[in-house]
Amino acid sequence: MARILNLETATTNCSVSVSNGGEIVVLKENNAASYSHSEQLHIFIREVLEEASLSFSEIDAIAVSKGPGSYTGLRIGVSAAKGLCFALDLPLISIPTLESMAQQVETGPNEIVIPALDARRMEVYAAVFDESRKQIRETKAEIVDGNSFSEFVQFDKIHVVGSGAEKCKDVISHNNFQFHTSVIPSANEMARLAFAKFQKSEFEDVAYFEPYYLKDFVLQGKKKA
């Protein structure tokens, strides 16, 4: 079995878990709007290891949510994961944030999942997955309107999950859509995905790996008088 430390910091939820063979052993998370990841992340890492009665030397890999998501949150999580991998000589596994979110809703035949994260104004980061969680449309940033995702209305149910679902709910009226606004990225769903990658040795180059920001970070400067 593989013991993996999973880090999720792509949104306001600071989430850390230890898993063994794809099953959660300990999970600790706090979804605070203040983005306090820089204070909480390393505390949570220490606490989950203590609760799992494990030392760093007993961990086989580090998994991190790669994005898209908050620039600051992703940077903190990836920096911590890379630092641990360098220090402990461990492999690094990256998990697409939206793929992890897509695991959080049950689907039946001829149903799809659209994980969507809130971005600026009426924009979301979204991808589309079929009932078996195979990605059938690429991840992209897009403006939400009444025609968004209309190319998928042939499916019996279209599950829109995540913080971006609130924006979609306000403008999409088709009956086939269901909106799951309470879904947040979590290290809970990372466990099975990370273990699958571990088994196939799908590891990142620790030296060169960067988060998947999807869009460039824009620093707002002060307006000139």
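Per this entry, Ile76 is counted among residues that are closer than 16 Å to Val16 by Cβ and part of a helix (DSSP H, G or I).
Checking each residue in the range 44-69 for being surrounded by fewer than 20 Cβ atoms within 10 Å (Cβ to Cβ) and within 14 Å of the chain's Cα centre (by Cα) picks out no residue at all. Filtering Ser100, Ser70, Ser94, Ser79 for residues that are modelled with pLDDT under 95 and either among the polar types (S, T, N, Q) or under 15 Å from Ser15 (Cα atoms) (or both) leaves a single hit, Ser70.
Yes/no matrix, rows are residues, columns are (1) closer than 30 Å to Phe155 by Cβ; (2) touching a Phe, Trp or Tyr at 6+ places or on another chain (Cβ under 9 Å); (3) not assigned by TED's automatic domain parsing to the domain that holds Glu131:
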residue	(1), (2), (3)
Val48	no, no, yes
Glu51	no, no, yes
Thr72	no, yes, yes
Ile76	no, yes, yes
Ala81	no, yes, yes
Leu92	no, yes, yes
Ala116	yes, yes, no
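For the range 127-179, the tally of residues that are in contact with a helix residue (DSSP H, G or I) (Cβ under 7 Å, 6 or more places away or on another chain), of a type in the set (A, V, I, L, M, F, W, C) and under 22 Å from Asn31 (Cβ atoms) stands at 4.
Search the range 160-181 for residues being touching a strand residue (DSSP E or B) at 6+ places or on another chain (Cβ under 9 Å) and in a loop (DSSP other than H, G, I, E, B), and hand back the single one that is surrounded by the most Cβ atoms within 10 Å (Cβ to Cβ). Quick ask: steps written out before the conclusion?
First pass over the range 160-181, keeping only residues touching a strand residue (DSSP E or B) at 6+ places or on another chain (Cβ under 9 Å): 160-169, 172, 174, 176-181.
With in a loop (DSSP other than H, G, I, E, B) added as a condition, the list becomes 162-164, 172, 174, 176, 181.
Values: Gly162: 29, Ser163: 22, Gly164: 27, Ile172: 21, His174: 13, Asn176: 16, Thr181: 16.
Checking each candidate, the answer is Gly162.
Looking across the range 123-155, the residues that are surrounded by 16 or more Cβ atoms within 10 Å (Cβ to Cβ), in a loop (DSSP other than H, G, I, E, B) and either in contact (Cβ under 8 Å) with a residue 60 or more places away in the chain or hydrophobic (A, V, I, L, M, F, W, C) (or both) come down to Val144, Phe149, Phe155. Do the conditions hold for Arg192, that is, is it of a type in the set (Lys, Arg), assigned by TED's automatic domain parsing to the domain that holds Ala32 and either modelled with pLDDT of 95 or more or surrounded by 16 or more Cβ atoms within 10 Å (Cβ to Cβ) (or both)? Spelling it out, Arg192 is indeed of a type in the set (Lys, Arg), assigned by TED's automatic domain parsing to the domain that holds Ala32 and either modelled with pLDDT of 95 or more or surrounded by 16 or more Cβ atoms within 10 Å (Cβ to Cβ) (or both).
In the set Ser57, Ser100, Ser94, Ser19, only one residue is polar (S, T, N, Q) and without any contact (Cβ under 8 Å) to a residue 40 or more places away in the chain; that residue is Ser57. Take the conditions assigned to a loop (DSSP other than H, G, I, E, B) and closer than 30 Å to Asp156 by Cα and apply them to Glu106. Does it pass? Against the criterion (assigned to a loop (DSSP other than H, G, I, E, B) and closer than 30 Å to Asp156 by Cα), Glu106 qualifies. With respect to the conditions (1) without any contact (Cβ under 8 Å) to a residue 40 or more places away in the chain; (2) out of contact with any Asp or Glu (no Cβ under 8 Å at 6 or more places or on another chain); (3) part of a strand (DSSP E or B), Lys66 falls short on a single one, namely (1).
The values are calculated or read from the model by the stated rules, or taken from the named source; none is laboratory data. Since we're looking at a predicted model, the values are computed, not measured. Here the Cβ is made from the backbone with ideal geometry for all residues, glycine too, and neighbour counts use every protein chain on show.
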